[in-house]
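Engineer: This is the structure I have questions about; it appears just below.
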Amino acid sequence: MVDALMVGGFVACLFAAALTVPAGFGLATMTTPIFLLWFEPHHAIAGVAIVHGAHNAMKSSLLREHIDKEALRRFGWALLLGALIGALLQSVIPSAPLLLLVGLALIILPVLKVSESWSSIRLPEAEDRLGGFGSGFLGGLTGHQGALRAMFLKQRLPDKADYAATAAILALVVDATRIPIYIWHDASVLTTETGLLLSFVVAALIGAQLGRLWLEKWKSDDIQKGIMVGLVISGILYVREALIELSLT
């Protein structure tokens, strides 16, 4: 039976997917708390990855003419390598430390993003490999890859459509790398709450279509600021929960 909590989760996932099209990141951040209502941390990260992958595949298809091939070349192999290493480590780290890592990432990455806007520092293009590796590693480990990638990518691609399209295809590279590793380690995420997982995938696909309509109408900077606040609040809650769990062990 479909209950109010599941309906609320579906609606929240749909709007999160729509908001993150112009923002270029944030879907994993906003949907991880939703998944944690039903799944333990490892399964939550794997489930979010599946939804995230479907969403990025849809965005990449809808905006394919805006993908910047030069950005793909610059991030390329470093992004993939980082995702591979991060995903392999994710499968061996216990739940509480993993939740702590997620929380710290959600707090630190927005601070880095905000400090970048204060200083107006343009990161040299040679550092894109570092950004690609770091983004891929965090994506594989915790699922939260977008904020770090945005620091390197946003200044290269001021056009909103180019940025959204390229961010989507880069995220899809990470998703395509990490999802098979997650499932190889533990495929039960596909059989636990299968209907719920499928409904969130549908919500993400619908949200991508809606977000495309919002892309030219909404200011991506305003959306990004709202997501940053949500990142920090979620991170603080995750760190608190992880520390409580660690103190009991």
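Engineer: Rounded to whole Å, give me the distance from the Cα center of segment 143-167 to that of segment 1-72.
Structural biologist: Spelled out, the Cα-based centre of one part sits 16 Å from the other.
Engineer: How would 55, 185 line up from fewest to most surrounding beta-carbon atoms within 10 angstrom?
Structural biologist: Ranked by crowding around the Cβ, least crowded first: 185, 55.
Engineer: Turning to a different aspect of this structure: Give the order of 159, 128, 175 when sorted by the count of other beta carbons within 10 angstrom, beginning with the fewest.
Structural biologist: Values: 159 11, 128 22, 175 26.
The fewest-first ordering by Cβ neighbours comes to 159, 128, 175.
Engineer: So what is the relative contact order of the chain, in percent, for Cα pairs below 8 Å that sit 6 or more residues apart?
Structural biologist: About 40 percent, as a whole number.
Engineer: Sort 30, 58, 6 so that the residue with the fewest other Cβ atoms within 10 Å of its own Cβ comes first and the one with the most comes last.
Structural biologist: Values: 30 20, 58 23, 6 17.
Ascending number of Cβ neighbours within 10 Å: 6, 30, 58.
Engineer: Per DSSP H run of n ≥ 4, the term is -39500 (n - 2.57); total these for the chain, divide by its residue number, and report the mean residue ellipticity at 222 nm rounded to 500 deg cm²/dmol.
Structural biologist: -27000 deg cm²/dmol
Engineer: So how do 191-203, 62-74 stack up, highest first, on mean other-Cβ count within 10 Å?
Structural biologist: By packing density, highest mean first, the sequence is 191-203, 62-74.
Engineer: Now for a different question. Which value, in Å to one decimal place, does the Kirkwood hydrodynamic radius take for segment 1-114 when every pair of different Cα atoms is included?
Structural biologist: 16.0 Å
Engineer: Using the reciprocal of the averaged 1/r over all distinct C-alpha pairs, how large is the Kirkwood radius of segment 4-247 in Å?
Structural biologist: Value: 17.5 Å, from the Cα pair sum.
Every read-out reported here was derived from the displayed coordinates using simple, explicitly stated rules and does not represent laboratory data. All values derive from a computational prediction rather than experimental measurement. Counting neighbours? That spans all protein chains shown, and the Cβs are built from the backbone with ideal geometry, glycine included.
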